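Worksheet: the structure to be examined is printed underneath.
Since every read-out is calculated from the coordinates, none of them should be taken as a lab result. Everything numeric in this text was worked out from a predicted model, so none of it was measured. Cβ sites come from the backbone with ideal geometry, for glycine too, and all protein chains shown count toward neighbours.
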Amino acid sequence: MWRKVTEFENRIADFYGAPHAVAVDCCTHALELVLRLKKIQSISVPAHTYLSIPMTAIKLGIDYHWRDEKWQDEYSIAPDIYDSAVLWKQNSYRPNSYQCISFQFKKHLSLGRGGAILLSDHSEYEQLTRMAYDGRLPYAPWKEQVINTIGYHYYMTPETAMHGLDRLPSAISSMPVQWSWKDYPNISLYDVFKTK
């Protein structure tokens, strides 16, 4: 069944025009894994976005600052790292970047929950896969593997991947809603972030 996750990753990578895609349980965790992988110490957050972006910085103990940006479809939080949660556009991968996408229930490919990291480097694909799967690779019993990477239990389940494979043709053939900064309140004004 885990092969279905790889099949889903390959189909998503092909759609976006990316060399690789790592399927995970949500876009927020996709971003978290990339921030951990790249050892990012500071991010820039649009004031109009989803709550989990600055909350992830707080969770990881990294600095964040607000910016006023009228973004559409995606925005960067650090060099070459993009929150592309609402982006659904064929061949839109930015070479040598990390674009994190969402399959949450409101997104164009609506799976209830899920996300993916689009990236170029094969060794980083393997490392991020291990990080998503508790430090292991999904195709062999973990007791038979050398575990040398900390993992975070952020993997996409085979059931979600199969659901994605079923829904993908319809998502590809239909027009997505375009999302932008206007779809989000100014979260920098929320009490939870005022202690910064």
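Obtain the nm distance between the two label points defined at D166 and N10 by a simple spin-label model: each point lies 7 Å from its Cα along the Cα-to-C-beta direction.
Spacing of the two 7 Å Cα→Cβ label points: 2.1 nm.
Please compute the length gained on full extension between H122 and S174, using 0.36 nm multiplied by the number of residues separating them and subtracting their Cα-Cα distance. Working shown, then result.
Values: separation 52, 0.36 × 52 = 18.72 nm, distance 3.07 nm.
Answer, rounded to one decimal: 15.7 nm.
Please enumerate, by chain and number, the lysines with C-alpha under 18 Å from the C-alpha of K89, excluding those fewer than 8 residues away in the same chain.
K106, K107
For the chain, what are the DSSP H helices with axial Cα length of 20 Å or more and mean Kyte-Doolittle hydropathy of at least -1.0?
Working: long enough: 2-16 (22 Å, -0.91); 158-173 (23 Å, -0.19).
Helices passing the filter in the chain: 2-16, 158-173.
In deg cm²/dmol and to the nearest 500, what is the mean residue ellipticity at 222 nm of the chain if only DSSP H runs of at least 4 residues count, each as -39500 (n - 2.57), divided by the residue total? Working shown, then result.
Values: 5 runs with 62 residues, N = 196.
Helix-only estimate at 222 nm: -10000 deg cm²/dmol.
List the lysines whose Cα lies under 29 Å from the Cα of K143, skipping any in the same chain that are fewer than 8 positions away.
Leaving aside lysines fewer than 8 places away in the same chain, those within reach of K143 are K4, K38, K39.
Given a Förster distance of 45 Å, report the FRET efficiency between M55 and W2 from their Cβ-Cβ distance, rounded to the nearest 0.05.
Details: r = 30 Å, r/R0 = 0.67.
Here the calculated transfer efficiency is 0.90.
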